[in-house]
1. Given the criteria without any contact (Cβ under 8 Å) to a residue 60 or more places away in the chain, on the phi > 0 side of the Ramachandran plot, crowded, with 21+ Cβ neighbours inside 10 Å and over 16 Å from the mean Cα position of the chain (by Cα), does residue 118 qualify?
2. Do you know which of the residues in region 126-181 that are without any contact (Cβ under 8 Å) to a residue 24 or more places away in the chain and more than 17 Å from the chain's Cα centre (by Cα) is farthest from residue 235 (Cα to Cα)?
3. Within the group 101, 92, 117, which residue is within 27 Å of residue 282 (Cβ to Cβ) and part of a loop (DSSP other than H, G, I, E, B)?
4. Quick test for you: out of 151, 117, pick the one residue that is within 26 Å of residue 223 (Cβ to Cβ) and touching a helix residue (DSSP H, G or I) at 6+ places or on another chain (Cβ under 6 Å).
5. I'd like to know if region 217-230 contains one or more residues that are over 27 Å from residue 108 (Cβ atoms), crowded, with 16+ Cβ neighbours inside 10 Å and without any contact (Cβ under 8 Å) to a residue 40 or more places away in the chain.
6. Considering each residue of region 229-276, count those that are assigned to a loop (DSSP other than H, G, I, E, B), out of contact with any helix residue (DSSP H, G or I) (no Cβ under 8 Å at 6 or more places or on another chain) and over 24 Å from residue 10 (Cα atoms), and give that number.
7. Select from region 75-92 the residues that are more than 24 Å from residue 243 (Cα to Cα) and surrounded by fewer than 22 Cβ atoms within 10 Å (Cβ to Cβ) and list them in ascending order.
8. For region 102-111, give me the residue count where each residue is more than 14 Å from residue 76 (Cβ to Cβ) and either in contact (Cβ under 8 Å) with a residue 60 or more places away in the chain or surrounded by fewer than 22 Cβ atoms within 10 Å (Cβ to Cβ) (or both).
């Protein structure tokens, strides 16, 4: 166990969140339900759902809620997905309009079952959201598209303001926790994003057994790939069947990593126990 950490099954006090409630929370929940949309907030069991939905923000998940990959850290269901809903781009754009969002985040499950891995649907969704909501900033949190650069360019050409792709963890642990993913392929995805001129963003989780030297190496690798924004948060096991947490890092350690990242050259580092990739995303668009 490293300095500044705890190794216990009980959730530490700084990781505990209030039950989601409030007028805005209810309004967002009703809109998401009304248009039969999916959010990573619910599918991924995000601890910030109450705070974010009460701020009137949400991370929407397109292309269904069943993923073709089986990552050992992720709470999203896995299996054989349904065909994409052709009306989903319109419904998402309309929901964003009704929510009056200044900044929206869109992500998706992996769709390795589709000929273009879902890139065409992604581009259509971005264009529809932009058409209906011309003043809204759009952030996309994309899968790796099997490293196919032409598919990443297709996303960029649709016009999002920020494109994020998460490393999730350090190189050594990637084969253990990420199904059908590769550390260096993800770095290449980030590099491809940066090459388009869009804001490139990525994130990792702590508490899976990584060493600080490996965290720092991941920071360096991301910077060398052109990443401008990095998020760092505490891993929480979605269920007892997922990988267990090895360590709970105290808030001061996350602050140490935030300062270190800025000193290394990131333009923005969001680092605290409850940070997830879309947390305070509206602050990252001008990075």
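1. Yes.
2. For region 126-181, the residue satisfying everything is 134.
3. 101
4. When all the criteria are applied, what remains is 151.
5. Among the residues of region 217-230, not one is over 27 Å from residue 108 (Cβ atoms), crowded, with 16+ Cβ neighbours inside 10 Å and without any contact (Cβ under 8 Å) to a residue 40 or more places away in the chain, which makes the answer no.
6. Going through region 229-276 one residue at a time, the tally reaches 1.
7. Selection gives 82, 83, 84, 85, 86, 87, 88, 90, 91.
8. Selection size over region 102-111: 3.
The values are calculated or read from the model by the stated rules, or taken from the named source; none is laboratory data. Owing to the predicted nature of the structure, the values given are computational and were not obtained by experimental measurement. All Cβ positions, glycine included, derive from the backbone under ideal geometry; neighbour counts span all protein chains shown.
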